There are 4 protein chains.
Amino acid sequence: MLKIGIIGAGRIGKVHGESITKYVKNAEVKAIADVFLNEATEEWAKDMGIPNTYKDYKKILEDDEIDAVLICSSTDTHSKISIEAIRAGKNVFCEKPIDHDLSRIKEVIDELKKSKVKYQVGFNRRFDHNFKAVRSAVAKGKIGEPHILKITSRDPEPPSIDYVKVSGGIFLDMTIHDFDMVRYLLDSEVVEVYASGNVLIDNAIGKAGDIDTAIVTLKMKSGALAVIDNSRKAAYGYDQRAEVFGSLGQVSVENDSNSSAVISTKDGVTGEKPLFFFLERYMQAYAQEISEFIDAIVNDTEVPVNADDGLKAVLIGEAATKSLKANRPVKISEIEY
Amino acid sequence: MLKIGIIGAGRIGKVHGESITKYVKNAEVKAIADVFLNEATEEWAKDMGIPNTYKDYKKILEDDEIDAVLICSSTDTHSKISIEAIRAGKNVFCEKPIDHDLSRIKEVIDELKKSKVKYQVGFNRRFDHNFKAVRSAVAKGKIGEPHILKITSRDPEPPSIDYVKVSGGIFLDMTIHDFDMVRYLLDSEVVEVYASGNVLIDNAIGKAGDIDTAIVTLKMKSGALAVIDNSRKAAYGYDQRAEVFGSLGQVSVENDSNSSAVISTKDGVTGEKPLFFFLERYMQAYAQEISEFIDAIVNDTEVPVNADDGLKAVLIGEAATKSLKANRPVKISEIEY
Amino acid sequence: MLKIGIIGAGRIGKVHGESITKYVKNAEVKAIADVFLNEATEEWAKDMGIPNTYKDYKKILEDDEIDAVLICSSTDTHSKISIEAIRAGKNVFCEKPIDHDLSRIKEVIDELKKSKVKYQVGFNRRFDHNFKAVRSAVAKGKIGEPHILKITSRDPEPPSIDYVKVSGGIFLDMTIHDFDMVRYLLDSEVVEVYASGNVLIDNAIGKAGDIDTAIVTLKMKSGALAVIDNSRKAAYGYDQRAEVFGSLGQVSVENDSNSSAVISTKDGVTGEKPLFFFLERYMQAYAQEISEFIDAIVNDTEVPVNADDGLKAVLIGEAATKSLKANRPVKISEIEY
Amino acid sequence: MLKIGIIGAGRIGKVHGESITKYVKNAEVKAIADVFLNEATEEWAKDMGIPNTYKDYKKILEDDEIDAVLICSSTDTHSKISIEAIRAGKNVFCEKPIDHDLSRIKEVIDELKKSKVKYQVGFNRRFDHNFKAVRSAVAKGKIGEPHILKITSRDPEPPSIDYVKVSGGIFLDMTIHDFDMVRYLLDSEVVEVYASGNVLIDNAIGKAGDIDTAIVTLKMKSGALAVIDNSRKAAYGYDQRAEVFGSLGQVSVENDSNSSAVISTKDGVTGEKPLFFFLERYMQAYAQEISEFIDAIVNDTEVPVNADDGLKAVLIGEAATKSLKANRPVKISEIEY
């Protein structure tokens, strides 16, 4: 029975805590730490049967019984805590991104080279049933050589302007998931990026120096082309689709909804909207990613998403950010770190 | 170039006239006759380039240049004109049903035995792209041995009460198409029928001695079972679907609509309604059935829907009518004629 | 924290045990009893953290700490254990059917009248996301007055012939779920049943006195008509669909599948098959039904499926069985008990 | 009755000839001219009832009875014949593109300024039922302000290498239709284009100086973004889809297929492929565009696609071509003519 410590008791920390408690066979949460530890979190921990709650995450790192930590705190603390946890000999699951600063990601990777701990990054979409089905079809050669990948990724609501200001920009905050998907679905590296974007939803986002609508074209090492379209606000809910087109055909996935019910009346033939947002859509994917992290530790196998995957996605994000500003295609090799 | 005469210039007569003029290579309409011949019809005939218009259909039968007639007049005249046309040596396309009276259908069949003319009955759905695809899948063995057939057949609006009174009842007027579909899709004969029904849409239909909602179960000679559900009023339009389930799987068809457009908003994901009614849904099927009738004459081959098919559908309709009244299953062999 | 005892450690007993352990907040399994208790079950209980395992279910009934029992043993023991459990003051969740013998169901109901315990019957489909969406649309009047209900319910594989022999026949074993669905989706009682059926899949099923393919028509007190089609073997997997058609339109639900992936190649446009069988399709529904049972106890509210629902479904099953044998419609009021 | 002359009796010339003969009320084809006039074309003209066939198109221009000409000859003759026809006072329908050379398109436009004839360009997709439904939804404000347009446009087979060499490149030959669609669906002008592409299907296409796979991003005057993805070879058939996403939601259209038949077996749930190519998919659109051209002449109203539309699409094509070569975004205002 692996003992887990969770650092950061926000929404995603609790999602992982609940997943481990309910679905993961070989692990249990021993402690949770949050700098803003409050009564609600204490109660939640009690419900989950988590014995220890701390304000200071270092107590988790100091606990010799704890085998692995989940870093679910704010992004600016990810790399610092990652390094401390690695040094403390803990296996680490770190929410995305590892850092907005490439040099700090590099420090984490350097630290990992001196260590034998497992380090997994939280790209949850790789564990989604639909995207896994796309990956599987591509990997099995069902569509031949991939030529074109289209990803549609749109949120139902923009985040708060306060969040936008510290988010690192749409490409590092939101599109980063899609950049990882591009690499995952095509099994090839990105060579060049061209990003176009605009502020069409909320001028305040523009004033905060960001955009809310984007189309990003990517050229892959394999020769394939990929395109991502993003919006911060889809009126009908969380829109998460992908299509890979290749020499023998195409594989595509649609959104999930709450039921397959279709109502036909004089007004039309109406089905349900997509599931509202990431918690609804990816709940099972979150459980699956943690489960595979635990398995990798227990069986001493490779983690499914490693620090290098974390780095690559940020590199592409930096290239996209630069491309948008310069209004020209940017090679990944141009990004220094 | 075959010369055609059309008897009856109502809606369906004009549909056929237009089809022949526009789509059928080897035929042209020489004359149209209608007991209520009016200016609108004269104009329509002129537009179509039809040289002769009559009040008396006998002028068509007397015209030696005319090779084939289309009987599109009211149902109570079908069998009489059929016999006269056969005796006049004309090939005959007769709208369904040949007659409500089985003995008169028999007279037509007897007359045909003495003649060499072609005689086709207007079961247009056999020529619909969707139902043909079902038939083709079944015939090719794609679903193995058929076990269960489900037909959904619902009109968008009930006919006038005046029409209901002379319609012969829902089973001879509306379900008769579905009875033909059962035989066509399963390529087997009906042995027994159980009909249940109710008046749920308009009490006036009940007062006229008919029902407006029905479920009919049919046992086939092959052992397969079939079920038809009917309604005189589907709020969303003409509902025409079928599913055949067999030992190796299932083939099913959906309704056609005007476009594939789907609009997703905060209110749901909405597509178009089915095409409104039979003229919209079956326009191409009407052209196809006439085209195959002409082909059968030109090439001296079997017509795709013969007088026996016309008889069988009425027999099943009679059995269904009897079943509903007696509230028990009725064997086709019980129906005398 | 409610303490639960599970009687019968077969497939469904374990499903419920796991659901309670993982998803149900206010309950925990204290004991499990199985007359064939073996090592695998002992291990499973250990995994789940269930402290007590017995061969004799009476030890559960005698345990004063246990608030509720789940009867998941073989059908022939349901009514007997139900009565014993009620007498022991336990709340009871009983798998369907309560009994094949109507008089024994009546005994259970009589016993319940003398008691204050909750008694819920295991019609899991009422808790399925799709069927709940149909029910909700109907209840909210979105399709107006219901006129026609169509249920398609087909298993992927027939049970063993040994099972068929003791199953009570297809209508009491398999269609019983659909009979409950008819009552649930239309919120009306069945008045009359006509059942047609055949042996098309396996002659051994016929030799065992049963059928494997059926179409059942039901007349409702509300005037609506319903039709169920069943097969013991759908090559493509578990087929569980429903459509309710009414004065204002229709609501329909499709099967669930593992993903929405569609592969388009020169051979066609291919999606995934439906989920294979009931464990895959209804896993969440099983968790939900147990959760609502626990809630009803904790909050002292009505159970969502009561003993009368259990009785009604068997009554309809008996009427269908009689209808098939006599080849005539059978009124529910004809069935004595 | 308008008299029409058709110049060029290739595939598309015959499509229009047949459309006019069969579907267009107020027009008839009086003559067809083709520099390679052969027996097959003579026979086809006879079938259609077209009285005159010529080798020299000038005979059509000289015929005072002819009101309008359809220019369906090879692209390099379009602008020359356009100018001659305008000077001869004929209304002109010209297949796309007017010319590969922008200065020659300008000459046609200059000629038109001196004349009162109608001039329509053959962007047939504007008349497709699906794309019209998208345009209609956008125009009615159903999706609010448009933010993102996605067009997928893929051919089932690449053209011959000989054709590729004279085609003007993929953007002027194939994507030109999509460029027109972008303007039509968003009702806004293109400001800037970024084109990425590759040779993934056939190296011979690369050797001929062209690409076979492309993603083009377009910035619109309205602020909206658009993306087009093209392939010269989709294994599953002609892929013609569009999605417009806006502030209130999204409208999308799928491919058409021959029937809605879906076959479910142990191997999956399989529907039909898209209609094979443009003749199958756009047959009705071709009839509709000619019909609207005739209507514009008869009623003296604006043609639905004018010479300026023809110019704009070529301008965008030139910008895309330049963008691909320079690997940078190109403003439409950079293209001189």
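The values are calculated or read from the model by the stated rules, or taken from the named source; none is laboratory data. Predicted model, so just to flag it, every value in this text is computed and none were measured. FYI the Cβ positions are ideal-geometry reconstructions off the backbone, even for glycines, and counts take in every protein chain you see. Surface areas here come from the heavy atoms of the whole protein model, side chains and all, with no ligands, DNA or RNA. Shrake-Rupley method; radii C 1.70, N 1.55, O 1.52, S 1.80 Å.
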Quiz item: From the label point of B:Tyr337, set 7 Å along Cα to the beta carbon, how far off in nm is each other copy's matching point, shortest first?
Solution: 4.5, 6.9, 8.1
Exercise. Scan the stretch C:39-134 for GluC sites (Glu not before Pro) in coil per DSSP, keeping those whose Cβ has at most 11 other Cβ atoms within 10 Å, and list them by number.
Key: C:Glu65
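Mind pulling up the Rg/Rh value for chain C? Radius of gyration and Kirkwood radius, both on Cα.
For chain C, the value is 0.97.
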Exercise. Put a label point 7 Å from Cα along the Cβ direction on B:Asp162, then list its distances to the equivalent points in the other copies in nm, shortest first.
Key: 6.6, 7.1, 7.4
Quiz item: Can you list, shortest first and in nm, the gaps between the label point of D:Phe277 and those of its counterparts in the other copies, using a point 7 Å from Cα in the C-beta direction?
Solution: 4.1, 4.9, 5.0
Quiz item: Considering only C:Val166, C:Leu61, C:Leu248, whose Cα is most displaced toward the positive end of the charge dipole of chain C, charges sitting on Cβ of Lys, Arg (+1) and Asp, Glu (-1)?
Solution: C:Leu248
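If you place +1 on the Cβ of every Lys and Arg, -1 on the Cβ of every Asp and Glu, and leave all else neutral, what size is the dipole of chain D about its Cα centre, to the nearest 20 Debye?
Details: 44 positive and 53 negative charges, 138 e Å.
That gives chain D a dipole magnitude of about 660 debye.
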Practice problem: Round to the nearest 10 and give me the degree value, 0 to 90, for the angle of helix C:175-186's Cα axis relative to the longest principal axis of chain C. | Solution: 80 degrees
Quiz item: How large is Rg over Rh for the stretch A:217-337, taking Rg from the Cα atoms and Rh as the Kirkwood inverse mean of 1/r across Cα pairs?
Solution: 1.05
Quiz item: Which entries of A:Lys221/A:Lys331; A:Lys221/A:Lys312; B:Lys25/D:Lys96; C:Lys140/C:Lys331 show an alpha-carbon separation above 21 angstrom in the structure shown?
Solution: B:Lys25/D:Lys96; C:Lys140/C:Lys331
Self-check item: Contact order relative to length of the stretch A:123-279, as percent, for alpha carbon pairs under 8 angstrom and 6 or more apart
Solution: 31 percent
Exercise. Mind grabbing the interface size between C and A? I mean buried accessible area, both sides, 1.4 Å probe, in Å² to the nearest hundred.
Key: 1800 Å²
Exercise. Enter the angle in degrees (range 0 to 90, nearest 10) between the Cα long axis of helix A:75-87 and the first principal axis of the Cα atoms of chain A, meaning the one along which they spread out most.
Key: 50 degrees
Quiz item: Label A:Lys165 and D:Lys140 with points 7 Å out from Cα along Cα→Cβ: what is the distance between them in nm?
Solution: 4.4 nm
Self-check item: Inter-part distance where the stretch A:144-161 and the stretch C:163-239 are each reduced to a Cα centre, Å
Solution: 45 Å
Quiz item: How far is helix C:129-139 tilted off the main Cα axis of chain C, in degrees rounded to 10, range 0 to 90?
Solution: 70 degrees
Quiz prompt | Computed magnitude of the charge dipole of the protein assembly as shown (debye, nearest 20; Cβ of K, R +1, Cβ of D, E -1) | solution = 0 debye
Quiz item: Based on Cβ point charges of +1 for Lys and Arg and -1 for Asp and Glu, what charge dipole magnitude is obtained for the stretch B:220-337 about its Cα centre, in debye rounded to the nearest 20?
Solution: 760 debye
Exercise. Sort the stretch B:70-214 into rounded, prolate or oblate with this rule: let a ≥ b ≥ c be the square roots of the eigenvalues of the Cα gyration tensor; rounded if a/c is under 1.5, and if a/c is not under 1.5, prolate when a/b is larger than b/c, oblate otherwise.
Key: oblate
Practice problem: For every helix of n ≥ 4 consecutive DSSP H residues, a contribution of -39,500 (n - 2.57) applies; sum these over the protein assembly as shown, divide by its total residues, and give [θ] at 222 nm rounded to the nearest 500 deg cm²/dmol. | Solution: -12000 deg cm²/dmol
Self-check item: With every protein chain in place, the stretch A:2-117: carbon and sulfur % of accessible area (1.4 Å)
Solution: 46 percent
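Just the number: Rg to Rh for the protein assembly as shown, Cα atoms, Kirkwood Rh, two decimals. Kindly include the intermediate steps, with their values, before the conclusion.
Values: Rg = 35.3 Å, Rh = 35.1 Å.
Radius of gyration relative to Kirkwood radius: 1.01.
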Self-check item: Normalised per residue, the volume of the convex hull around the Cα set of the stretch B:116-155 (Å³)
Solution: 122 Å³
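Using the Cα atoms of the stretch B:2-117 to build a convex hull, what is its mean projected area in square nanometres?
If I average the Cα hull's projected area over directions, I get 6.6 nm².
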Self-check item: Mean Cα-pair separation over length for chain C, i.e. relative contact order, pairs under 8 Å, 6 or more apart, %
Solution: 20 percent
Practice problem: Please list the radius of gyration and Dmax for the stretch A:297-337, considering alpha-carbon atoms only, with Å as the unit. | Solution: 14.6, 47
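Give me the net charge for the shell around C:Ser73: Cβ to Cβ below 10 angstrom, other residues only, Lys and Arg +1, Asp and Glu -1.
-2
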Practice problem: Report the chymotrypsin sites (Phe, Trp or Tyr not before Pro) located in the stretch A:231-287 that are in a DSSP loop and have at most 16 other Cβ atoms inside 10 Å of their Cβ, or state none. | Solution: A:Phe276, A:Phe277
Practice problem: Return the distance in nm (one decimal) between the two label points of a simple spin-label model at C:Phe277 and A:Asn203, each offset 7 Å from Cα along Cα→Cβ. | Solution: 6.3 nm
Self-check item: Accessible surface, the protein assembly as shown, averaged per residue in Å² (probe 1.4 Å)
Solution: 39 Å²
Quiz item: Pick from A:Asp128, A:Asp295, A:Asp162: which is most flexible by mean-square fluctuation in a GNM of chain A where alpha carbon atoms under 10 Å apart are linked?
Solution: A:Asp162
Quiz prompt | Set of the stretch D:230-246 residues, backbone N closer than 20 Å to the point 7 Å along the Cα-Cβ line of D:Val191 | solution = D:245-246
Quiz item: Hey, rough spin-label estimate for D:Ser222 and C:Lys114, points 7 angstrom out along Cα→Cβ, what's it come to in nanometres?
Solution: 7.6 nm
Exercise. With the full set of protein chains in place, find how many percent of the accessible area of the stretch A:214-337 is carbon and sulfur; take the probe as 1.4 Å.
Key: 49 percent
Quiz item: Can you give the relative contact order of the stretch C:1-130 as a percent, counting alpha carbon pairs under 8 Å and 6+ residues apart?
Solution: 22 percent
Quiz item: In the stretch D:227-328, which trypsin sites (Lys or Arg not before Pro) are in a loop and have at most 15 other Cβ atoms within 10 Å, using DSSP for the loop call?
Solution: D:Lys266
